[in-house]
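Enquirer: Structure incoming, see below.
Computed from the coordinates by the stated procedures, all read-outs in this text should not be read as laboratory data. This one's a predicted model, so the numbers in the text were calculated from it and none came from an experiment. In this analysis, Cβ positions are derived from the backbone assuming ideal geometry, glycine residues included, and neighbour counts consider all displayed protein chains.
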Amino acid sequence: MSDWLNITAPSTGAALVGGLAGAGAPASATGGSFRVNRDQAPALKAKFQEAIEELKQARIKVANMDRVEPPAGDRSSEKLANALRDKAVGSSGSALRSIDSAIAVYESVIDQIDKAMGTYRHADENHTFKG
């Protein structure tokens with residue numbers, strides 16, 4: 001069995017994965033796939049978990065943007081406040097939806113790491129000398 005784990009992130013996360021190069025993923029991660037040495041997998045998993053926690057904190061702040069009030073009572077201020085709310089928490093392409101997508105991608109990668117490491121543990125247990 002190879003010492004490398006092959007991880008495939010959903011396409012929405014291909015650019016996000018490359019940002020974790022220092023945690024074991026190569027900087028050249030393209031197409032949403034990368035390899036990590038199984039000895040580095042726990043550290044990589046921890047980095048993804050940290051990133052998820054940071055994204056959850058950012059999500060809380062962004063979700064509060066639905067309360068943006070116009071700075072003045074004029075039509076331009078109202079249009080600006082509406083545009084800011086839409087970009088922050090709108091139904092399509094908003095910061096909130098992007099954060100949710102990133103969290104889903106990172107959780108998918110963590111699940112794959114867990115499954116791959118479980119496969120290795122199982123293989124190691126089955127091939128250990130029991131004499």
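Enquirer: If you take the beta carbon distance between ILE60 and THR119 as r and set R0 to 30 Å, what does 1/(1 + (r/R0)^6) give as a FRET efficiency, to the nearest 0.05?
Expert: 0.25
Enquirer: A further question on this structure: What is the distance, in nm, between label points placed 7 Å from the Cα along the Cα-to-Cβ direction at ASP100 and at THR8?
Expert: A separation of 2.5 nm, rounded to one decimal place.
Enquirer: Across bins of 5 angstrom width beginning at 0, how are the C-alpha pair distances of the range 41-84 distributed, in whole percent?
Expert: 5, 21, 15, 12, 11, 9, 9, 7, 5, 4, 1
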